[in-house]
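Inspection log for the structure reproduced underneath, given as structure tokens.
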Amino acid sequence: GLIICKIIGKSIRNGQTCYYLNDGIYNNLNAILHEGAEYSIFSQQCLNDVEQECYPSVLFGPTCDNVDIISNHILLPDLNLGDILIIPQAGAYSYAAASDFNFLGNTQLMIEP
């Protein structure tokens with residue numbers, strides 16, 4: 001599976017940028033919690049070969065649960081609300097095992113014939 005996430009929040013904690021995504025461990029990234037999966041995550045700028053300085057960042061899912069951490073340390077350029085992150089090779093069962101924890105619903109599935 002290919003997951004495309006959007007940044008829905010941004011903050012600075014202890015000098016480190018924290019991004020909040022519209023997907024997390026209770027949705028399509030559930031293998032982090034259940035299988036200890038580690039995903040390759042790319043910003044749209046990286047895929048477009050735009051060279052930018054990267055900074056240590058933290059990625060959180062959309063819930064208020066302190067377990068909803070996608071990555072404690074990832075190097076990313078300075079991103080803004082609405083920017084896109086791409087997660088390739090998410091696994092065949094990422095969507096099937098997702099839930100609507102905290103009533104947030106699940107990310108829309110797009111299937112091309």
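The values are calculated or read from the model by the stated rules, or taken from the named source; none is laboratory data. Fair warning: this is a prediction, and the values are worked out from it, not measured in the lab. Cβ coordinates were reconstructed from backbone atoms using ideal geometry, including for glycine residues, and neighbour counts include every protein chain displayed. Ligands, DNA and RNA are stripped out before the accessible areas are found, and what is left, the full protein with its side chains, is counted by its heavy atoms. Shrake-Rupley method; radii C 1.70, N 1.55, O 1.52, S 1.80 Å.
Structure summary
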item: Considering residues of the range 12-27 that are farther than 17 Å from CYS54 by Cβ and in a loop (DSSP other than H, G, I, E, B) only, the residue most open to solvent (accessible area, probe 1.4 Å); result: ASN14
item: Filter result (out of contact with any Cys (no Cβ under 9 Å at 6 or more places or on another chain), modelled with pLDDT of 80 or more and part of a loop (DSSP other than H, G, I, E, B)) within the range 38-60; result: GLU38, TYR39, SER40, GLU53
item: ILE32 touching a Gly at 6+ places or on another chain (Cβ under 9 Å) and in a helix (DSSP H, G or I); result: yes
item: Subset of the range 50-64 (residues that are closer than 17 Å to CYS5 by Cβ and not hydrophobic (A, V, I, L, M, F, W, C)); result: SER57, GLY61, PRO62, THR63
